[in-house]
1. Lys/Arg Cβ at +1, Asp/Glu Cβ at -1, dipole of the chain taken about the Cα centre: which of Gly191, Pro349, Leu243 is farthest positive-ward?
2. What translational diffusion coefficient, in µm²/s and rounded to a whole number, does the Stokes-Einstein relation yield for segment 89-191 at 10 °C and a viscosity of 1.306 mPa s, taking the hydrodynamic radius as the Kirkwood radius over Cα pairs?
3. Based on the mean of other beta carbon atoms within 10 Å per residue, what is the order of 100-107, 310-317, 196-203, most packed first?
4. Which order do the peptides 26-34, 56-64 come out in when sorted by mean C-beta neighbours inside 10 angstrom, highest first?
5. Let's test this: bin the Cα-Cα distances of the chain at 10 Å from zero up to the farthest pair and state each bin's percent.
6. Whole number in Å², please: accessible area per residue of the chain, 1.4 Å probe, ligands, DNA and RNA not counted.
7. Lys280's amide H: which non-local residues (gap 5+, or another chain) put their own amide H closer than 5 Å, with H modeled 1.01 Å from N in plane and none for Pro or chain starts?
8. 5 Å is the cut-off here: which amide hydrogens, built 1.01 Å from N in the peptide plane, fall below it relative to Ser298, excluding neighbours closer than 5 in sequence?
Amino acid sequence: MTGISTDLIHSSESKYIDVTPPINITTTYKYSDDPEKLVKAVDRTGPDYFHNDNWTYSRLTHQNSELIENLLESLLEGKVVVYNSGLAAFNAALTHINPKTVIIGQAYHGCHAILEIWKRNFDLKVLDINVLENFEKLQPGDLVHLETPVNPLGTSFDIEFYAKKAHEKGALLMVDATFAPPPLQRPFNHGADLIMHSATKYFGGHSDLLAGLLVTKDEEVRQKLFYDRLLLGTNIGNLESSLLVRSLKTYELRILRQSDNCTKLVAFLNSNKDKFPNLKEVFHSSLQSDEYIKTQLSGHSPTFSITLQSEDLAKRFPSKLKYFYHATSLGGVESLIEWRAISDTTVDPALLRVSVGVENIEDLIDDFTQALTS
Ligand SMILES: *Cc1c(COP(=O)(O)O)cnc(C)c1O
């Protein structure tokens, strides 16, 4: 087994002499010049025909979308299907599984909004994960969706517990692992059936591309997801896929540094609460004492949240910071902070979500210190 960075830089041999795989923007590809090699649509063996040099049309698959799927297989320990956003990946999972009931708790607001569309169009039932009796209502083929670590707090749930609850009823567990991609967390080891990521966040890492991923252990599932994707038109765009291939080369460096920076900043804030009277609470998995934290996380999410003593303080806080852009999203090399009430109707208006980047930790700690004491 080679290491993560070695894999992501070298594992997919390129057909080109370019050290960086070429940006490839074609939507359509020439068929073979050799008439003997032309295959009628009725004679194709299945959607996989389109891979491996039989590129035809970029909505189906293209050089760099395929490269991403190959590069990530080893890191994500499964078959990978790449999408044009995290939400496209979530909707693809629903489309494939086609559950009658979904159990979900706190999760990305867009996932809840997609479930509202499914309720409207297909009479899907959506039940609260925090009500344990709801698991009794699951039927085989239903879905439990667990986001962990969860947005916006960065706190974690017990994957094994929910996997068991889902499997007892023949339902599937999907984990949205966007906040702690590997090597921080490996949901398949704890019973997840399907993993989704918004690759816009840590895999992209530069706040310059949208992408999503689904990961499955099952080759048949991968083929079905791929076929749905080519019809629904949700493959990653050509330019974005080139940006993502670029990003993966530094992925391990970034995720480890960001996780380390975040855990240090959280520890600093939490242990100096008495010096910062405006700071009310700090939320992050590194502050949880639950037993499963030790076995299910080998590092913590680079995103955490704090609450201040009032809504007004929270609204003004981002403008006092020098190294944290006041912006939504997370996962990039640059640190961000968001007064979360701007984009989420359900959160405490005194809450701030912090996405920690790769800057020097001393500078980030100094910046928080001056902003909390000014
Ligand atoms: C951002 C995010 C999504 C949605 O991903 P997009 O790439 O923005 O579509 C889903 N889940 C979580 C946890 C996220 O942070």
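The values are calculated or read from the model by the stated rules, or taken from the named source; none is laboratory data. Since the model is a prediction, treat every value here as computed from it, not as a measurement. Every residue, glycine as well, gets a Cβ built from its backbone with ideal geometry; the counts of neighbours run over all protein chains shown. The protein model used for the area step is the full one, side chains on, heavy atoms only, and it has no ligands, DNA or RNA in it. Shrake-Rupley method; radii C 1.70, N 1.55, O 1.52, S 1.80 Å.
1. It is Pro349.
2. 116 µm²/s
3. Descending packing order for the listed peptides: 196-203, 100-107, 310-317.
4. Details: 26-34: 10.1, 56-64: 20.3.
Ranked from most to least packed, the peptides come out as 56-64, 26-34.
5. Spelled out per bin, shortest first, that is 5, 23, 30, 24, 13, 4, 1, 0.
6. On the way: 17210 Å² over 374 residues.
Ligands and nucleic acids excluded, the result is 46 Å² per residue.
7. Thr307, Leu308, Gln309
8. Sorted by chain and number, the residues that satisfy this are Gln185.
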